[in-house]
1. Would you check if residue 297 is surrounded by fewer than 17 Cβ atoms within 10 Å (Cβ to Cβ) and part of a helix (DSSP H, G or I)?
2. Taking the residues in the stretch 118-136 that are in a loop (DSSP other than H, G, I, E, B) and under 22 Å from the mean Cα position of the chain (by Cα) as candidates, determine which candidate is surrounded by the fewest Cβ atoms within 10 Å (Cβ to Cβ).
3. Out of all the residues in the stretch 141-200, which are touching a His at 6+ places or on another chain (Cβ under 6 Å) and of a type in the set (D, E, K, R)?
4. In the stretch 42-64, what residues are surrounded by fewer than 12 Cβ atoms within 10 Å (Cβ to Cβ) and either modelled with pLDDT under 90 or not hydroxyl-bearing (Ser, Thr, Tyr) (or both)?
5. Looking only at the stretch 272-313, which residues are touching a Phe, Trp or Tyr at 6+ places or on another chain (Cβ under 7 Å) and within 15 Å of residue 76 (Cβ to Cβ)?
6. Could you tell me whether residue 107 is buried (at least 18 other Cβ atoms within 10 Å of the Cβ) and not in a loop (DSSP other than H, G, I, E, B)?
7. Restricting to the stretch 24-49, give me the number of residues that are under 18 Å from residue 349 (Cβ atoms) and without any contact (Cβ under 8 Å) to a residue 24 or more places away in the chain.
Amino acid sequence: MTDYEIAVIPGDGIGPEVVDAALAVLKECEARYGLKINYTFHDFSADLYRRTGRKITAADMDEIAKADAVLFGAMGLPDVRGPEGLELGAQVEMRAHYGLFSSLRPVRLFAGVESPVKAKNVDMLVIRETSEGMFAGLGDEHEPSDESASDRMTITRATCEKLFDVAFSQARARRKRGTPGHVTLLHKSNALRSNVLMEKVFDEVAAKNDDIGSAKFYIDAGAMYMVTDPQRYDVIVTENIFGDIVSEIAAGLVGGLGVAPSADVNLTHGVFQPSHGSAPDIAGQGIANPTAMILSAAMMLEWLGERRGDDRCAKAAQSIQEAVESTLASGPRARDLGGTANTREVVDAVIDALPA
């Protein structure tokens, strides 16, 4: 009997390569920890759109939603764009369709990985709102023009309340693992009316969670603090496009996007993918760093374990984390981290390091 049904969307560029890497680790975990997972593969890549004009539809997403979770590689090719001029990205449409309002993007400076900053202890979770903010108007009617263009930022109380509840809950859970248990809002309420509302709701939710410390910074100052004093942060929560930017700053502090996983979630659905893009310039060479994808798979197992009360998933997720940490500390390391290992060598090392 299958325990979990997982929808797999490999995507473009290095997406299929890192997905294969994560699946190899997951299949080893199945054997070691008694899990039974069935994987169903879906192609909604930009390459498919280029060849056939086919892209993901609402019916496709309804079918995918029957799975327990989605494992997503990377999608998009710079030269493949829709009629409005934007790159194809099924993950953006999935966020809107499922209402995946919260993107969890943890970063941690692992032993063996060099940081460009002086901080020795970087361990933070960036929570990016992903259903509205500056992306709220993507579905608006658009008249092409060479003279002007505009985008719409919308913030709602309902989404802010859910988002901040997640932020404080995550901070509370992280405190049990040794972090300070603190939430920081990055916003721009001095210049954006929408962010005035965001700040107001944050204050209300913070008052209801007074066991957790909180702070607020304007996004420009907060981004600077990420570089000059990253150890001040535990959980960061912010608007969609601000979160897109600061989560990549955070990744840069700990070695880059090759070690930065993510999870786009709501209360019932989860899409797990690395924070990096499709990197078509190195696709097919077997040198992509699979670490972020492997860690995203671990986040998927942890999420499934929490939802189902399944200790096997929790154990497998923790084992993957430990194996990745051990591999990064001792090597082999991927080329983006200054090593010489190819994708397969990293995967084999992680599998060998899995606890018994």
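1. No: the conditions fail for residue 297.
2. My answer is 121.
3. Passing the criteria: only 199.
4. 51, 53, 58, 59, 62 - these are the residues of the stretch 42-64 that are surrounded by fewer than 12 Cβ atoms within 10 Å (Cβ to Cβ) and either modelled with pLDDT under 90 or not hydroxyl-bearing (Ser, Thr, Tyr) (or both).
5. 273
6. Working: buried (at least 18 other Cβ atoms within 10 Å of the Cβ): yes; not in a loop (DSSP other than H, G, I, E, B): yes.
Against the criterion (buried (at least 18 other Cβ atoms within 10 Å of the Cβ) and not in a loop (DSSP other than H, G, I, E, B)), residue 107 qualifies.
7. The qualifying residues number 2.
Residues checked against (1) surrounded by 15 or more Cβ atoms within 10 Å (Cβ to Cβ); (2) in contact with an Asp or Glu (Cβ under 8 Å, 6 or more places away or on another chain); (3) not hydrophobic (A, V, I, L, M, F, W, C):
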residue	(1), (2), (3)
178	no, no, yes
200	no, no, yes
206	yes, no, no
210	no, no, yes
216	yes, yes, yes
241	yes, no, no
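The values are calculated or read from the model by the stated rules, or taken from the named source; none is laboratory data. Keep in mind it's a predicted model, so treat the numbers as computed, not measured. A quick note on method: Cβ atoms are made from the backbone with ideal geometry, for glycine too, and the neighbour counts reach across all protein chains shown.
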